[in-house]
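Since the structure comes first, as structure tokens, the remarks are kept for the end.
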Amino acid sequence: MTTSNEKLFDRAQLVIPGGVNSPVRAFRSVGGTPRFFKKGKGPRFWDAAGQEYIDYVCSWGPLLHGHANPEIVQGVCAIAQDGMSFGAPTELEINLAERLISLMPSLEMVRLTSSGTEATMSAIRLARGFTGRTNIVKFDGCYHGHGDALLVKAGSGALTLGQPDSKGIPADLASHTLVLPYNDVDALQACFKEYGDSIAAIIVEPIAGNMNMVLPHHSFLQTCREVTQEYGAILIFDEVMTGFRVALGGAQSIYGITPDLTTLGKVIGGGMPLAAFGGRREIMEHLAPLGPVYQAGTLSGNPVAVTAGLINLQLASEPGLYERLGDMTRAVMDGITNIAERYGFNLSSCAVGGMFGLHFQAQCPTNLKEVMGADNALFKRFFHGMLNEGVYFAPSAFEAGFVSTVHGTQELHETLEAAEKVFCQLAN
Ligand code: KE4
């Protein structure tokens, strides 16, 4: 019997490449038919066949307060009555810039964009323009959006310059991106010893969320700070995922490291297309129209998106919210790993605020090479088992998961009930 999702997927694939507008949604790494959703409310959403799911993707992070949060929906509907976009400055953008600066002390100025990719792409251009240098450093397994300079994989040798990680990226552009192992202090120090004077910036996810979730060693982030200071390079924290997701001040507030620039997205848009980059005033003032580094966007600072973001951040400012969110996230992870262990499966997990990594291996990985050692086949069976039980995890073993502030004890109970059934099936 062809389900509504299958019919929609067949139709979608005729007119949209792969049937999706972002590759990970196509279920290609887990197999099966992607679910086409039509409604969400709080921690749950419903697909085209009317099947209900508890959502642990939360639109890849933006939905800190769940689907169709009433205050955000009401705010968006109200502001839209006054116009969708002006292509001119509004007070709302000043309010959001001031709010971000008040929440994240490393920000002295910010520029709003419409996606995280725009934010990281612009931050790289700004770092290159400010320093007059060309090379940048990123880390294997970190994803910073699909800007050409950042879709680059490690070169053949440990310290060789990068190679394109996608067709369509000129090799000579990719060669200006050095790719190192995450958490590898020795490789980082050696890289700067050899290339330091030509490096414009390091861009790093301070908690990695695009190779599943990998925590940084404090010494690793500290070394990123030290070598950039020593060699006059810019330290960019890509907090598109972690910003206001792991803590109100982002990962930088947890690890106590002050970057020169920070990129933000997801939560600050509350589900609408909105992102930002910001940091030291002397760097940011190199941006057009003040300075020589060009950057622009038709819908940058759009009043409807900014309104959603302002309300999302206002709701996030409730005292004790991140502690409660972290407790719930930890409870989901501990519950699942304990059940798995009872059935003889050695899983590990990490959780910070409303972000988690569920690893199908006994130890939490510390870099991409270790992430690749996970039991991906078991993950796929777990994914589909939970999906059939109405629990929706990221359709890829290489993604972090997310809990919202409206996931409660009922969702925890149902999730663990589903996990009990699934691991029992997997064990027999
Ligand atoms: P967007 O261009 O997708 O708004 O942001 C790119 C980006 C930048 N930096 C980090 C740390 C990110 O995680 C992202 C986007 N994250 C992915 C999830 N792994 C978005 C989901 C998707 O690509 O469909």
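The values are calculated or read from the model by the stated rules, or taken from the named source; none is laboratory data. Source: prediction; values computed, not measured. We place every Cβ from the backbone using ideal geometry, glycine too, and count neighbours over all the protein chains shown. Please note that ligands, DNA and RNA were not included when accessible areas were found on the heavy atoms of the full protein model with its side chains. Shrake-Rupley method; radii C 1.70, N 1.55, O 1.52, S 1.80 Å.
Quick notes on this one:
- On the principal axes of its alpha carbon atoms, region 70-316 extends 56, 34, 34 Å, with the longest extent given first.
- Percent antiparallel among DSSP beta bridges (both partners in the chain, rounded to 5): 60 percent
- Region 70-316, dipole about Cα centre (Lys/Arg Cβ +1, Asp/Glu Cβ -1), debye to the nearest 20: 180 debye
- Length gained when the stretch LEU412-LEU14 is fully extended (0.36 nm per residue, less Cα-Cα span): 139.4 nm
- Estimated distance in nm for a label pair at HIS217 and THR298, the labels positioned 7 Å out from Cα along Cα-to-Cβ: 4.8 nm
- Protein accessible area in the chain, 1.4 Å probe - carbon and sulfur %: 54 percent
- The distance separating the Cα centre of region 46-64 from that of region 216-243 comes to 33 Å.
- Evaluated over the chain, the Cα radius of gyration and Dmax, each in Å: 21.3, 66
- Hypothetical label at ARG324: residues of region 375-417 whose amide nitrogen lies under 18 Å (7 Å Cα-Cβ projection): 403-413
- Residue-span extension gain [ASN21 to GLN229] - 0.36 nm each, minus C-alpha spacing: 70.9 nm
- Note on the chain: helix-only mean residue ellipticity at 222 nm, from DSSP H runs of 4+ residues weighted -39500 (n - 2.57) and normalised by residue number, equals -11500 deg cm²/dmol.
- Placing a pseudo-label 7 Å from each Cα along the Cα-to-Cβ vector at MET372 and ASP82 gives an inter-label distance of 5.3 nm.
- Net charge of Cβ neighbours under 12 Å - reference PHE220; Lys, Arg +1; Asp, Glu -1: -3
- Amide H partners (placed H, <5 Å) of VAL152, local residues excluded: ASP165
- The residues of the chain have, on average, 42 Å² of accessible surface per residue, using a 1.4 Å probe with all protein chains present.
- For ALA200, net neighbour charge (Lys/Arg +1, Asp/Glu -1) across residues whose Cβ lies under 10 Å away: +3
- Summed residue charge, Cβ within 11 Å of SER349's Cβ, Lys/Arg positive, Asp/Glu negative: 0
- Most fluctuating residue given options GLY353, GLY278, GLY145, as computed from a GNM of the chain linking Cα atoms under 10 Å: GLY145
- Here region 384-407 and region 289-312 have alpha carbon centers that stand 31 Å from each other.
- Across region 258-270, rounded Karplus estimates of 3J(HN,Hα) from the backbone phi angles (6.51 cos²θ - 1.76 cosθ + 1.60, θ = phi - 60°) give 9, x, 7, 9, 9, 9, 10, x, 6, 4, 6, x, x Hz, Gly and Pro being marked x.
- Take the Cα of TRP46, step 7 Å toward its Cβ, do the same at ALA362, and the gap between the two points is 4.6 nm.
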